[in-house]
Amino acid sequence: MDLNKKLEQVSRLFRIEGEYVGYETICIGNVNQTYEVKFILPEGTPKSFLIQNVNTYAFRQPVQLMENIDKVTEHIRAKKPGQVALHFHHTADRKTYVSDGANFWRMTNFIPSKTYGSVADPEIIHNAGRAFGEFQNQLADFDINQLYETIPNFHNTRARFDQLADAVAKDPVGRVAEVRAELDYLMSVREEACILTDMANRGQLPLRVTHNDTKINNVLFSPIDKRAMVVVDLDTVMPGLVGHDFGDAIRFAANREPEDSRNLDNVGVNLDVFRAFAEGFLEMTAKTLTPNEIDTLAASCLTLTVELATRFLADYILGDPYFNISSPDHNLVRTRCQIALAKDMQKRMPEMKEIVAMCVAEAE
């Protein structure tokens, strides 16, 4: 069956009525295949929807993944009547997916919007922080026990260090000797980086619904102004710590260089970006977060940066089986960049904590 016919068939299974017009391929992300399908509804109105073919190699538990997404998006929609919200369509038997054995399909509403990759505009960064904060706030009363942990130990920093140690012990392609300096640094900050994991294990930080991929390009912005409308790409939604989302957003957005930069002298935290994101995020969350969560927000940035460095370095030592690379030393370059960022975060931690405190005071 050609793709046109398949997309129309999937649309009908999601109970879309009217005349099927056609589709366009949407180039977003590197994991799932995405299509905009176009219809003329029975009343004559043109309308588009998004259909995705989910990569079940990357997401081994797609049914659990979709159950998580369905519960979270429906909870948020109930909080936003009449407002723009992400909605996954259901089949006649209330499933949010169609599986034909070879493919795993889902359909959402199409939201006219624009997205940003790396950006320095403080208003956009502020509004992205506000959007991720609103996501947290809308789900503050969600029963976390309803969600599956679709990627076990995803942000278990101690487990990530254990995986690095295991890679070092195996050293299958003989790379450990060249990365002694990187290993020495990471092991020197192990206890500091594991603070969130340890506090969670002691019951000092609550589990919440976390997005786990808080890049600014996962926020849809209004096509006519800089207003953030909705958070998307919920494939990694599961129980976690609020610091995981805050720290990863800062790790990605506030670095003065891309995460695979070789210009290590310029790597570091842009405190203007940090402040803009923190202001937006805490504007929405300060009243719902616990004192321990607020106290560890700045530290979470170091945690997520070091954690990713351990993952990049373990992958390099093992011969690059996980992350896509564009050069033989790509994962080592990524590791060094994250380490340089972590070192700068350590120097700037007092300033970062002060900014968080100021943002909390402003939000109150």
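The values are calculated or read from the model by the stated rules, or taken from the named source; none is laboratory data. Remember, predicted model here, so these are calculated numbers, not experimental data. All Cβ positions, glycine included, derive from the backbone under ideal geometry; neighbour counts span all protein chains shown. SASA here: full protein model, heavy atoms, side chains in, ligands and nucleic acids out. Shrake-Rupley method; radii C 1.70, N 1.55, O 1.52, S 1.80 Å.
Details
- Heavy-atom accessible area ranking, 1.4 Å probe, most first, across 79, 215: 79, 215
- For Cα extents along the principal axes in Å, calculated from these coordinates, the label among (1) 64, 53, 37; (2) 81, 62, 37; (3) 73, 45, 31: (1)
- Distance between segment 340-363 and segment 125-147 - C-alpha centres, whole angstrom: 21 Å
- In this structure, residue 347 and residue 25 have a Cβ-Cβ separation that, at R0 = 45 Å, corresponds to a calculated FRET efficiency of about 0.50.
- Square roots of five times the Cα gyration tensor eigenvalues for segment 1-82, Å: 23, 20, 12
- Contact order relative to length of segment 9-126, as percent, for alpha carbon pairs under 8 angstrom and 6 or more apart: 23 percent
- Remark: segment 298-364 is approximated by an ellipsoid whose semi-axes, taken from the C-alpha gyration tensor as √(5λ), come to 32, 11, 8 Å, largest first.
- Highest-fluctuation residue, 150, 310, 45 considered, GNM on the chain with Cα pairs under 10 Å: 45
- According to the Cα-based calculation, Rg over Rh for segment 156-283 is 1.02, with Rh computed by the Kirkwood formula.
- Excluding same-chain neighbours fewer than eight residues apart, the lysines reachable from residue 47 by a Cα-Cα span under 17 Å are 38.
- Under the convention that each Lys and Arg Cβ holds +1 and each Asp and Glu Cβ holds -1, the size of the dipole of the chain around its Cα centre is about 440 debye.
- Mean Cβ count within 10 Å, highest first, over the residues of peptides 313-322, 16-25, 107-116, 336-345: 336-345, 313-322, 107-116, 16-25
- Dipole axis of the chain (+1 Lys, Arg; -1 Asp, Glu on Cβ), positive-most option in 145, 127, 337: 145
- Taken over segment 1-141, the ratio of Cα radius of gyration to 2.2 N^0.38 Å equals 1.14.
- Accessible surface ranking that places the most exposed of 119, 269 first, with a 1.4 angstrom probe: 119, 269
- Cross-link partners of residue 226 among lysines (Cα-Cα below 21 Å; sequence separation of 8 or more within a chain): 80, 114, 215
- Between residue 169 and residue 225, the simple label model (points 7 Å from Cα in the Cβ direction) yields a spacing of 5.8 nm.
- Relative protection proxy for 204-213, 139-148, from highest mean packing down: 204-213, 139-148 (other beta-carbon atoms within 10 angstrom).
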